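The values are calculated or read from the model by the stated rules, or taken from the named source; none is laboratory data. Owing to the predicted nature of the structure, the values given are computational and were not obtained by experimental measurement. Note: areas computed on protein heavy atoms with side chains; ligands, DNA, RNA excluded. Shrake-Rupley method; radii C 1.70, N 1.55, O 1.52, S 1.80 Å.
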Amino acid sequence: MDKYIVEGGSKLYGKVEVQSAKNSVLPLLAASILTDEQVKIRGVPTINDVENMLRILGEVGCKLRRQKDCVIIDSTNAISHEIPARLTKELRSSVFMLGSVLTRFHRAKISYPGGCDIGLRPIDLHLSGLKRLGVRIDEKDGFIHCEAERLVGADILLDFPSVGATENIILAAVKAEGITVIRNAAKEPEIVDLQSFLNAMGARVRGAGGGTIVIEGVKRLHGLEYTPMGDRIEAGTYLIAAASCGGEIEVNGLSCENVAALLHKLRENGCKIHIKNDKIVLSSTGELKSVDLVETTPFPGFPTDLQAQYSALCCTASGSTLMVENLFETRYRYAAELKRMGADITVRGRTALIRGVKKLHGASVTAGDLRGGAALVIAALKAEGQSVVMDLSHIDRGYVDMEGKLRKLGAKIRRIKI
Ligand code: UD1
């Protein structure tokens, strides 16, 4: 498996263009089978999660073409309602296929999904929402079998604003008979992007971005061309890297309010941040002061997907930070690796107490999940001396050419292919 060699200590200067959001592209790809007309998605990032989703579409019978960074999906001949177990294990987002496959074929078979090992990640909210739309669900031999001769709109209250459950219910409701209302829906910007995509196909979805989403079922959806939103987590990762290392970077290509919670913390840390249209300019001396408490919460709160990267920054800020992870149970596995670099972190359940140290030193560390891997890279960029970050397969699930983008900013990082 590939690894990075990082010489720490460089400040970061320059521009970053963010990729399209992984967490938006994945449900949009799932949604592309809701029509048998051609769907063209521009700016599709070449990351492992997307490649796996494209493989799933290929296996259910879609014809796929790549034109530069565009993917063209033609699902006219899609025939299979079975989502291949081998790929489902690689990719948690394969679960979004449940909603769209049900809409298309009125039945679906899927095994329990995989993805990052960061906690229990049940799908009970997805399944109970689908049941409310009239889907019969039978779980046996590790597979979930779903069937619905008719999908019928319903009033659904989610016990928790799950992103995936909200998206799956929308995908199952767009062509259902009548009106579906999702209450306590997730408010993440990726759901707003899914709404825009579906409405551009002829769907009638409103309310995304708020807690109540209303979906009026329509008979037909048509093809479209679409450019997904910018990746707020990728943007946040580079902003944190520059804040921690020091320097000045400009991040382009996303709506700045999508990273407002992070920018608020970085300002408290002592960074200077200017926002102009869709451009964020951050400058930092690299000498940061810690903030007392950071808690991950659903949007618009501090995102769990930036918890690890931000914790890496806290390792060398002056003072202590109490990090509380409210979304996923086991999202601190990277902490043991950061300790090998000299970090002072005590983890108890969902909390981590991070006491700032003067310096981190280079070490050999292993990425155990996607965002934890990004955190190790950030720590390695800040550390004195050379670090090796092993097992890049996790980082490659979500970041396009991380080493190239960081090198353009002046970082000393190279990939060793193994
Ligand atoms: C999505 C994102 C992921 C992000 C997460 C939270 C994608 C592809 N992934 O994941 O990067 O970290 O949102 O912002 O968009 N839960 C249940 N039952 C369910 C579903 C969820 O209990 O049926 C719980 C989960 O265990 C977790 C919490 O709800 O504790 C949040 O999960 P959810 O919002 O569903 O996250 P994902 O959609 O999996």
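Based on the alpha-carbon gyration tensor of the range 238-316 and its eigenvalue square roots a ≥ b ≥ c, which shape applies: rounded if a/c is under 1.5, prolate if not and a/b is larger than b/c, or oblate? Present the calculation step by step, with values, prior to reporting the outcome.
Numbers: a/c = 1.80, a/b = 1.05, b/c = 1.71.
Cα axes put the range 238-316 in the oblate bin.
For the chain, what is the percent of antiparallel DSSP beta bridges, rounded to the nearest 5?
Values: 58 of 82 bridges.
Approximately 70 percent, going by the DSSP bridge assignments.
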Relative contact order [Cα under 8 Å, 6+ residues apart], the chain, whole percent: 21
Cα-based helix-to-principal-axis angle, 232-245 vs the chain, degrees rounded to 10: 0
Rounded if a/c under 1.5, otherwise prolate or oblate - the range 37-191, Cα gyration tensor axes: rounded
Accessible-area ranking of Lys68, Lys187, Lys405, Lys412, largest first, probe 1.4 Å: Lys68, Lys412, Lys187, Lys405
Solvent-accessible area of Tyr399 with every protein chain in place, 1.4 Å probe, in Å² to the nearest 10: 10
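For the range 314-357, what is the relative contact order in percent, using Cα pairs closer than 8 Å and at least 6 residues apart in sequence? Let's see the in-between values first.
Working: 70 pairs, mean separation 24.5, N = 44.
The normalised contact order for the range 314-357 reaches 56 percent.
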Order of exposure, largest accessible area first, which applies to Lys131, Lys40 with probe 1.4 Å: Lys131, Lys40
Angle in degrees between helix 260-269 and the longest Cα principal axis of the chain, rounded to the nearest 10: 10
The range 172-262 shape via C-alpha gyration tensor axes, a/c threshold 1.5: prolate
Acute angle (nearest 10 degrees) that the helix 48-59 long axis makes with the longest principal axis of the chain, alpha-carbon atoms: 20
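Helix-derived [θ] at 222 nm for the chain: sum -39500 (n - 2.57) over DSSP H runs of at least 4, divide by residue count, nearest 500?
Details: 13 runs with 128 residues, N = 418.
Helices in the chain give a 222 nm mean residue ellipticity of -9000 deg cm²/dmol.
What do you reckon, how do Phe299, Phe197 stack up by accessible area (1.4 Å probe), largest on top?
Numbers: Phe299 45, Phe197 0 Å².
Descending accessible area places them as Phe299, Phe197.
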Highest-MSF residue in the chain out of Asn77, Asn252, Asn52 [GNM, Cα springs under 10 Å]: Asn77
Top of Ala335, Ala260, Ala308 by mean-square fluctuation, Gaussian network on the chain, Cα under 10 Å: Ala260
Carbon/sulfur fraction of accessible area - the range 1-42, other protein chains in place, 1.4 Å, %: 43
Whole-Å semi-axes of the ellipsoid equivalent to the chain (Cα gyration tensor, √5λ, descending): 38, 21, 20
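Among DSSP bridges having both ends in the range 316-418, what percentage is antiparallel? Round to the nearest 5.
Details: 10 of 14 bridges.
If I count the DSSP bridges inside the range 316-418, around 70 percent turn out antiparallel.
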